[in-house]
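**Q** Supplied in structure tokens, the structure appears directly below.
The values are calculated or read from the model by the stated rules, or taken from the named source; none is laboratory data. Values in this document were obtained by computation on a predicted structure and should not be read as measured data. Cβ: placed from backbone, ideal geometry, glycine included. Neighbour counts: every protein chain shown.
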Amino acid sequence: DDTKSLNFIEHIIEDDLANGFSKNKLRFRFPPEPNGYLHIGHASSICLNFGLGLRYNAPVNLRFDDTNPAKEEQEYVDAIKRDVEWLGFNWAEEVYASDYFQQLYDWAVTFIKEGKAYVDSQSAAQIAEQKGTPTEHGVASPYRDRSVAENLALFNEMKECKFAEGEHVLRAKIDMTSSNMLMRDPIMYRILHKAHHRTNTDWCIYPMYDWTHGESDYLEQVSHSFCTLEFAMHRELYDWFLDQVVASDKVRPKQREFARRNFSHTVVSKRKLLQLVEEKVVTSWDDPRMPTISGLRRKGYTAEAIRNFSNTIGIAKRENVVDVSLLEFSIREHLNRVAPRVMAVLDPLKVVITNYPKDQEEWLEAENNQEDESAGYRTVPFSRELYIEKEDFREEANKKFFRLKLGNEVRLKNGYIIKAESCTKDTDGNILEVQCTYDPKSRSGSGTEESLRKVKGTLHWVSIKHAIPAEVRLYDRLFTDETPDQHKDKDFMEFINPDSLTVITGYLEPSLKTAQPEDFFQFQRLGYFNVDTDSSAEKLVFNKTVGLRDTWAK
Ligand code: ATP
Ligand code: MG
Ligand code: MG
């Protein structure tokens with residue numbers, strides 16, 4: 001919408017348009033490397049780039065930055081496509097940096113012919129050492145002045161897989177005295193004897209990120225290439241590489257940077273997330289404790305909530321840590337509007353209604369969502385033996401305890417007013433059962449004087465003989481520290497929360513019997529829950545998505 005104020009990225013585009021850049025030449029891309037699953041940090045970049053596409057009615061490519069076969073896999077490509085689609089975005093073209101390997105190679109050959117690139121036959125360590133430090137000039141490689149003919153022959157043999165990994169690299173011949181270390185003859189190609197998930201064994205030399213990214217943008221005629229701040233220093237190199245190839249009648253891509261997002265109590269680096277999977281701290285990339293898009297989805301987050309969150313935190317110029325409770329706020333806000341309300345008891349205590357006939361049952365009308373009239377009604381069974389939450393009963397309690405206590409009344413949601421008369425305990429003093437009486441005229445919605453009677457507390461409950469047992473998975477923060485990967489002296493793995501998952505059996509009202517994976521609900525008074533992909537008709541499995549309020553707030 002045009003009413004919202006522009007962020008600094010949109011200002012860059014608006015300025016270009018004001019300076020005569022043609023609106024129909026705007027083109028963007030989202031460029032993930034398929035070396036892991038997308039995470040909540042990527043959602044910012046996705047919402048930025050695809051958001052610009054929607055705002056300016058411009059195409060946005062999904063570009064896989066697949067130049068490192070050592071770490072990339074088809075599984076990740078598939079997962080990334082699934083996640084971007086699920087988030088609600090459509091890409092113009094699905095493209096791969098590897099589609100450009102031949103073009104990049106041909107350009108590199110031209111560079112050699114023009115004296116702009118050379119084969120260096122030193123070790124990586126020697127090359128690094130000669131780069132020097134920002135305050136002193138680098139030292140030129142003894143191979144820097146190899147003849148064009150020799151460079152062409154060697155580069156061809158590199159391509160023909162005649163050498164072992166590390167024997168040679170191709171370097172751009174730029175400036176060993178530059179104050180920008182990245183301009184000191186950066187590596188363009190390295191030898192890797194690894195099969196690629198798309199080009200298979202066609203290549204055993206692979207282009208470096210810096211050499212690939214800008215040229216890919218150019219080949220796709222991307223007008224604005226947005227990346228995170230760690231690439232700010234790379235911009236000079238991005239431009240240098242473009243200078244060598246850009247034709248005057250083509251769009252020259254423009255790289256601009258925005259701040260990478262970090263989130264409290266988690267990590268968002270694919271390398272670290274992979275470590276969590278490989279070391280079995282979590283079960284998979286889409287484990288609900290993971291900050292991945294697929295993990296959040298499995299935990300019950302909606303695409304709308306993730307988009308709202310990303311748009312709310314917006315695009316920043318400087319790095320900071322976003323409190324993950326903002327994300328929780330966003331999903332709570334969405335589910336409050338759309339989640340059907342149901343009753344489930346997670347920590348059961350048996351209640352017997354002593355004046356309710358033994359073989360009787362009745363089905364009470366219950367509203368599905370008081371926030372949404374169109375959600376309608378369902379019925380829930382009531383009978384003599386019920387479960388309530390253990391913490392909703394105390395033998396004695398002060399005046400502020402508005403739940404059930406001996407001698408006091410509460411209303412059962414959608415049902416009757418009951419009064420606790422006595423309770424049974426085991427030898428350790430644990431309460432096993434509460435005996436109550438009910439007021440037969442007090443049924444909610446029955447219109448009687450008693451049904452309108454006000455009592456302080458309202459409890460959720462289920463009828464024991466009708467309840468469906470289900471596995472319920474409760475999640476806590478994956479890390480005990482707010483910024484687990486920002487400690488100089490400690491590894492992020494030292495802050496793993498050993499209690500991030502608790503599995504319990506809950507008792508659900510029978511309307512949940514047919515719930516399907518990804519269905520979401522509000523378990524009244526407990527929080528939002530969804531059906532896990534592990535769930536089946538024989539054994540329902542639920543995840544806790546988020547509580548009803550922010551229990552983390554101090
Ligand atoms: P990682 O360290 O997780 O591997 P990356 O930047 O290497 O991150 P890419 O697959 O290259 O991952 O990311 C695709 C796009 O998403 C890039 O433009 C990148 O800058 C952006 N991006 C990645 N992480 C974040 C983040 N935490 N916040 C904002 N944007 C991000
Ligand atoms: Mg990366
Ligand atoms: Mg990257």
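**Q** Residue by residue through segment 144-162, note down the ones that are crowded, with 17+ Cβ neighbours inside 10 Å and assigned to a loop (DSSP other than H, G, I, E, B).
**A** Just the residues of segment 144-162 that are crowded, with 17+ Cβ neighbours inside 10 Å, to begin with: 146, 151, 154-155, 158-159.
If the condition is that a residue be crowded, with 17+ Cβ neighbours inside 10 Å and assigned to a loop (DSSP other than H, G, I, E, B), then ARG146 is the only one that fits.
**Q** Anything in segment 32-47 that is within 15 Å of ligand 3 (Cβ to nearest atom) and more than 18 Å from LEU192 (Cβ to Cβ)? List them, or say none. Before the answer, list the steps.
**A** Taking segment 32-47 as the starting set, the residues that turn out to be within 15 Å of ligand 3 (Cβ to nearest atom) are 32-39, 41-42, 44-46.
Those that are within 15 Å of ligand 3 (Cβ to nearest atom) and more than 18 Å from LEU192 (Cβ to Cβ): PRO32, GLY36, TYR37, LEU38, HIS39, GLY41, HIS42, SER44, SER45, ILE46.
**Q** Now for a different question. Within segment 469-495, which residues are among the β-branched types (Val, Ile, Thr) and surrounded by fewer than 17 Cβ atoms within 10 Å (Cβ to Cβ)? Break it down into steps so the answer makes sense when it comes.
**A** Step one: of segment 469-495, the residues among the β-branched types (Val, Ile, Thr) are 472, 480, 483.
Result: THR480, THR483.
**Q** I need every pair where a residue in segment 191-214 that is under 10 Å from PHE101 (Cα atoms) and of a type outside the set (D, E, K, R) has its Cβ under 7 Å from the Cβ of a residue that is assigned to a helix (DSSP H, G or I) and within 16 Å of ligand 3 (Cβ to nearest atom), sequence separation at least 6 or different chains.
**A** Note: pairs meeting the criteria are THR199/SER98; THR212/ALA97.
**Q** Give SER248, SER310 a once-over and let me know the one that is of a type in the set (S, T, N, Q) and surrounded by fewer than 21 Cβ atoms within 10 Å (Cβ to Cβ). Reasoning before the result, please.
**A** Values: SER310 fails: surrounded by fewer than 21 Cβ atoms within 10 Å (Cβ to Cβ).
Step by step, each of SER248, SER310 is checked, and only SER248 is of a type in the set (S, T, N, Q) and surrounded by fewer than 21 Cβ atoms within 10 Å (Cβ to Cβ).
**Q** Taking segment 9-52 as the search range and keeping residues that are surrounded by 17 or more Cβ atoms within 10 Å (Cβ to Cβ) and among the acidic types (Asp, Glu), which one is nearest to ligand 1 (Cβ to nearest atom)?
**A** Within segment 9-52, the match that is nearest to ligand 1 (Cβ to nearest atom) is GLU33.
**Q** Follow-up question, since we're still on this one. With the checklist (1) in contact with a Phe, Trp or Tyr (Cβ under 6 Å, 6 or more places away or on another chain); (2) more than 30 Å from ARG190 (Cβ to Cβ); (3) not hydroxyl-bearing (Ser, Thr, Tyr) in hand, flag the one item LEU17 doesn't pass.
**A** LEU17 satisfies every listed condition except (1).
**Q** To continue, here is another question. Return yes when ARG525 is of a type in the set (D, E, K, R), out of contact with any Pro (no Cβ under 9 Å at 6 or more places or on another chain), surrounded by 17 or more Cβ atoms within 10 Å (Cβ to Cβ) and in contact (Cβ under 8 Å) with a residue 40 or more places away in the chain and no when it is not.
**A** Numbers: of a type in the set (D, E, K, R): yes; out of contact with any Pro (no Cβ under 9 Å at 6 or more places or on another chain): yes; surrounded by 17 or more Cβ atoms within 10 Å (Cβ to Cβ): no; in contact (Cβ under 8 Å) with a residue 40 or more places away in the chain: yes.
In short, no.
**Q** Then there is this: Taking only pairs six or more apart or across chains, which ones have beta-carbon atoms under 7 Å, a first residue in segment 124-137 that is assigned by TED's automatic domain parsing to the domain that holds TYR189 and outside any helix (DSSP H, G or I), and a second residue that is loosely packed, with under 15 Cβ neighbours inside 10 Å and not hydrophobic (A, V, I, L, M, F, W, C)?
**A** Taking only residues 6 or more apart or on different chains, the pairs are PRO134/SER179; HIS137/THR177.
**Q** Please find, within segment 52-89, the residue that is farthest from HIS196 (Cα to Cα) out of those that are touching a Ser or Thr at 6+ places or on another chain (Cβ under 9 Å) and assigned to a helix (DSSP H, G or I).
**A** Residue satisfying both the conditions and the ranking: TRP86.
Let's see how each residue does on (1) surrounded by fewer than 16 Cβ atoms within 10 Å (Cβ to Cβ); (2) basic (Lys, Arg); (3) not assigned by TED's automatic domain parsing to the domain that holds THR312:
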| position | (1), (2), (3) |
| --- | --- |
| PHE231 | no, no, no |
| ARG235 | no, yes, no |
| GLU257 | no, no, no |
| GLU278 | yes, no, no |
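**Q** Tell me yes or no: at least one residue of segment 67-78 is modelled with pLDDT of 95 or more, over 18 Å from LYS270 (Cα atoms) and outside the structural domain of LYS159 (by TED's automatic domain parsing).
**A** So far as segment 67-78 goes, no, none of its residues is modelled with pLDDT of 95 or more, over 18 Å from LYS270 (Cα atoms) and outside the structural domain of LYS159 (by TED's automatic domain parsing).
**Q** Sticking with this one: Sort out which residues of segment 4-51 are in a loop (DSSP other than H, G, I, E, B), away from ligand 2 (no atom under 16 Å from the Cβ) and either closer than 24 Å to LYS299 by Cβ or of a type outside the set (Gly, Ala, Ser) (or both), and write them in order of number. Spell out the reasoning first.
**A** Taking segment 4-51 and keeping what is in a loop (DSSP other than H, G, I, E, B), we get 4-7, 19-22, 26-27, 31-38.
Next cut, away from ligand 2 (no atom under 16 Å from the Cβ) only: 4-7, 19-22, 26-27.
Scanning segment 4-51 gives LYS4, LEU6, ASN7, ASN19, PHE21, LEU26, ARG27.
**Q** Same structure again: Would you point out the residue of segment 202-226, among those that are of a type in the set (Gly, Ala, Ser) and within 13 Å of ligand 3 (Cβ to nearest atom), that is nearest to VAL119 (Cα to Cα)? Walk me through how you get there before you give the answer.
**A** Restricting attention to segment 202-226, the residues satisfying the condition of being of a type in the set (Gly, Ala, Ser) are 214, 216, 223, 225.
Then keep just the ones that are within 13 Å of ligand 3 (Cβ to nearest atom); that gives 216, 225.
Details: SER216: 23, SER225: 30 Å.
So the residue we want is SER216.
**Q** Quick one: how many residues across segment 200-220 are under 29 Å from the mean Cα position of the chain (by Cα) and assigned to a loop (DSSP other than H, G, I, E, B)?
**A** So the answer is 1.
**Q** Condition first: of a type outside the set (Ser, Thr, Tyr), under 19 Å from the mean Cα position of the chain (by Cα), within 14 Å of ligand 3 (Cβ to nearest atom) and under 16 Å from CYS227 (Cβ atoms). Can you find one or more residues in segment 64-73 that meet it?
**A** yes
Residue-wise test of (1) surrounded by fewer than 13 Cβ atoms within 10 Å (Cβ to Cβ); (2) at negative phi.
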site	(1), (2)
ILE353	no, yes
GLN370	yes, yes
GLU409	no, yes
GLY447	yes, no
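**Q** May I ask you to list the residues in segment 477-502 that are basic (Lys, Arg) and more than 20 Å from the chain's Cα centre (by Cα)? Reasoning before the result, please.
**A** Of all residues in segment 477-502, those basic (Lys, Arg) come to 477, 488, 490.
Hits for segment 477-502 are LYS488, LYS490.
**Q** Could you say whether any residue in segment 189-200 is in contact with a Leu (Cβ under 6 Å, 6 or more places away or on another chain) and within 16 Å of ligand 3 (Cβ to nearest atom)? Steps first, please.
**A** Looking only at segment 189-200, we keep the residues that are in contact with a Leu (Cβ under 6 Å, 6 or more places away or on another chain), and these are 189.
Add one more test, that the residue is within 16 Å of ligand 3 (Cβ to nearest atom), and what stays is none.
The answer is no, given that none of the residues of segment 189-200 is in contact with a Leu (Cβ under 6 Å, 6 or more places away or on another chain) and within 16 Å of ligand 3 (Cβ to nearest atom).
**Q** Hey, does segment 284-291 have a residue that's touching a helix residue (DSSP H, G or I) at 6+ places or on another chain (Cβ under 8 Å), buried (at least 18 other Cβ atoms within 10 Å of the Cβ), under 22 Å from THR502 (Cβ atoms) and among the basic types (Lys, Arg)? Explain how you work it out, then say what you get.
**A** So the first thing to find is which residues in segment 284-291 are touching a helix residue (DSSP H, G or I) at 6+ places or on another chain (Cβ under 8 Å), and the list is 284-291.
Of the ones still in play, those that are also buried (at least 18 other Cβ atoms within 10 Å of the Cβ) are 285-291.
With the extra rule that they be under 22 Å from THR502 (Cβ atoms), the set shrinks to 285-291.
Next cut, among the basic types (Lys, Arg) only: 289.
So far as segment 284-291 goes, yes, one or more of its residues are touching a helix residue (DSSP H, G or I) at 6+ places or on another chain (Cβ under 8 Å), buried (at least 18 other Cβ atoms within 10 Å of the Cβ), under 22 Å from THR502 (Cβ atoms) and among the basic types (Lys, Arg).
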